[in-house]
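Working notes for the structure below.
The values are calculated or read from the model by the stated rules, or taken from the named source; none is laboratory data. All figures in this text were calculated on a predicted structure; none of them were measured in a lab. Here the Cβ positions follow ideal geometry from the backbone for every residue, glycine too, while neighbour counts run over all protein chains shown.
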Amino acid sequence: MTHRHAHTLLVAVAVTASAAIALGPADAAVPRRVADTTATQVTSGSLVYVRGGNVWRARADGSGRRRLTRNGTPRDPYSPPSQANNGTIIAVRGPWLYRFAPTGRLLRRPMKVAAGLRNAGSLHELPFSPAVSPDGKNVALTKALLQGAYDPSTGTRGMTLLSVTVEYRKADSGAKLAERHVAGDYMQSPSWIDNRRVLVFAPYNSFAPQVFLDTPGGSLQSWFDDRLDGDSSFDRKLLDEGELTRARDKLALIRGANVDGDWQDASIQIYAVRSFSTTPTAVCSIRPLGGGPLGRPTWSPDGRSLAWSDRGGIWSSSVDLDAAACGLAPKLIVPAGASPDWGPAR
C-alpha cells in the first residue's frame, strides 16, 4: 500500500468517525442546468438511499420519494442502506445495525455490531457499508479497527487505523457468522453476488489483486486488479464499491481516489464479464456530473440500467455494452440523494 493510498483511507475513516461527513444537504438547491436534465425512466424495482443523514425509498424512476427514518442527521447519519429482494432494508448508524420493513417500520431493536468510539480503552470499532443478501438472511459489512483517543466534542484525536475486514452476521439477530481478514490487506465494501458469494475489495493493494470473490466461512478467490493505465503498480488506481448484475455479465465499480477533496480523477468503470477466472473487459466509464465524490453504482434487477450518485444527487442511465459509449444518457432522478441500492421490490 502506498503512503498516499493509506492517507486516503485514513481521511475517509476519520471523517466518518467524527460524524462530520454530509452526504448532501437535505434541502440543497439543485442548479437549474442540472435540474433541467431530470427525467423519468421507466423500469422496475425501487431505490433506497440516504438524504440528509436519513434513509429514504423511491420508485426506480425517482418518483414517490418517502423518508423512512427521522433521527439521522448530517453529523450522525445512517449509512447507505441495502435492500433484500422482499424490500427488507438494513443500515448502520454508529455501532448499531438497523433492520426495517419497506415502510420504514423497525423490525426489531437495533443490534450492536461494533464497540463504537465511546467505549473505554484505546481500541475502537466502526461498521461501514452494510449489504444484505438477496434472501434477506445475512448481512455483510466492513469493520474498521482503530486505536487512539476519541473526543466526542471535537471528533477523532490521534486515531490510528489498525485493520479493515469484512464481517458476516445474521440479519435477524446480528449474530456473527464469519470474518474475512487478510493480513496486510484492507478488505472492504462487500456486495452480494448471490446468497452464497460476495464481491469484496482491497482497493489499496499495490502488488496483489484488488477484487475478490468470498464465500463466507469458506474460500477467498482472487479475481483481478487495475491495469487500465499500465502494468506497473504505480499505474494502478483504487477499485472499490462495485456491483455485478444478477446475470453476472456486467460489473460497475468506482475507480480512483474518491473522497472529499480528492475525487477529480474518480470514475465509475463499467466492465463486460465473461467468467470469474478471467479479467473483465473495461468498456466505458462515467465521470462525476454534479461534482464528487461518487456514490456506489447499483444495477437494476434486469441488469439493463445503472444508478449511482455524486454531489448533485442520484443519476440513472440505461447501459448497452454493444452501443457507442455504452449508450449512456444519464438522468438526474433524485436531487441531493446519495449512495442508492436498487432492488426488485416495488
Any pair with Cβ under 7 angstrom, 6 or more apart, that starts in the range 117-141 at a residue that is more than 24 Å from residue 160 (Cβ to Cβ) and among the acidic types (Asp, Glu) and ends at one that is buried (at least 22 other Cβ atoms within 10 Å of the Cβ) and at pLDDT 90 or above:
135/84
Looking at (1) closer than 26 Å to residue 48 by Cα; (2) surrounded by fewer than 22 Cβ atoms within 10 Å (Cβ to Cβ); (3) modelled with pLDDT of 95 or more, which one does residue 178 not meet, given that it meets all the others?
(1)
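Take the residues of the range 260-274 that are among the aliphatic types (A, V, I, L, M) and surrounded by 17 or more Cβ atoms within 10 Å (Cβ to Cβ): which is nearest to residue 326 (Cα to Cα)?
Filtering the range 260-274 for residues that are among the aliphatic types (A, V, I, L, M) and surrounded by 17 or more Cβ atoms within 10 Å (Cβ to Cβ), the one nearest to residue 326 (Cα to Cα) comes out as 270.
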Residue 99 vs. criteria of a type in the set (D, E, K, R), in a strand (DSSP E or B) and within 21 Å of residue 49 (Cβ to Cβ)
yes
How many residues are part of a strand (DSSP E or B) and of a type in the set (Lys, Arg) if we restrict to the range 230-259?
2
Filter the range 198-244 for residues that are in contact with a Pro (Cβ under 9 Å, 6 or more places away or on another chain) and among the aromatic types (Phe, Trp, Tyr); the one that is surrounded by the most Cβ atoms within 10 Å (Cβ to Cβ) is 201
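Looking at the range 275-311, which of the residues that are free of Cβ contacts under 8 Å to residues at least 12 places away in the same chain and not in a strand (DSSP E or B) is surrounded by the fewest Cβ atoms within 10 Å (Cβ to Cβ)?
277
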Can you name the number of the only condition in (1) surrounded by 13 or more Cβ atoms within 10 Å (Cβ to Cβ); (2) modelled with pLDDT under 95; (3) more than 24 Å from residue 253 (Cβ to Cβ) that residue 171 fails?
(2)
Select from the range 302-346 the residues that are touching a strand residue (DSSP E or B) at 6+ places or on another chain (Cβ under 8 Å) and among the basic types (Lys, Arg) and write down the one among them that is nearest to residue 249 (Cα to Cα).
304
Residue 336: under 20 Å from residue 258 (Cβ atoms), of a type in the set (A, V, I, L, M, F, W, C), modelled with pLDDT of 95 or more and touching a Phe, Trp or Tyr at 6+ places or on another chain (Cβ under 6 Å), yes or no?
no
